[in-house]
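The values are calculated or read from the model by the stated rules, or taken from the named source; none is laboratory data. Since we're looking at a predicted model, the values are computed, not measured. Glycine gets a Cβ as well: all are built from the backbone with ideal geometry, and neighbour counts include every protein chain shown. These area figures cover heavy atoms from the full protein model, side chains too; ligands, DNA and RNA do not enter into them. Shrake-Rupley method; radii C 1.70, N 1.55, O 1.52, S 1.80 Å.
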Amino acid sequence: MPKKFTPEFRERAVRMVFERQAAEGGPRAASIRVVAESLSCGPETLRAWCNQAITASIANPAAPTDESLGEENRRLRRELAEARRANEMADSSGERKELCELL
């Protein structure tokens, strides 16, 4: 008798597969096997759910908002400015050159 899984369970399982794949890399099939085993569902069932999720996201892509892109742009500019300042300070004090000589 086939098991009935709730839509919430399916979404969680698919999210777990994609998160594991993003974190550890490798083929999606390996992530599907590990997650399916941990959730006690069939790997082919989980593979079908992942394929459905991919198809749905391609059909209805979520457009990033201009605000989120603007916030990310500001954050990245701040990080770049901080990194440049740190590099300038290291160059002016000679610490970076000494560190490179030690290696």
Any idea which of GLU79, GLU71 is open to solvent by 70 Å² or more (accessible area, probe 1.4 Å) and modelled with pLDDT of 90 or more?
GLU79
Test of understanding: among ARG10, ARG15, which residue is touching a helix residue (DSSP H, G or I) at 6+ places or on another chain (Cβ under 7 Å) and assigned to a helix (DSSP H, G or I)?
ARG10
When residues of the stretch 11-32 are filtered for being touching a Leu at 6+ places or on another chain (Cβ under 9 Å) and surrounded by fewer than 18 Cβ atoms within 10 Å (Cβ to Cβ), how many remain?
1
Selection from the stretch 35-58 of residues open to solvent by 70 Å² or more (accessible area, probe 1.4 Å), closer than 25 Å to LYS4 by Cβ and either assigned to a helix (DSSP H, G or I) or modelled with pLDDT under 90 (or both) yields GLU37, SER38, GLU44, ARG47, GLN52, THR55
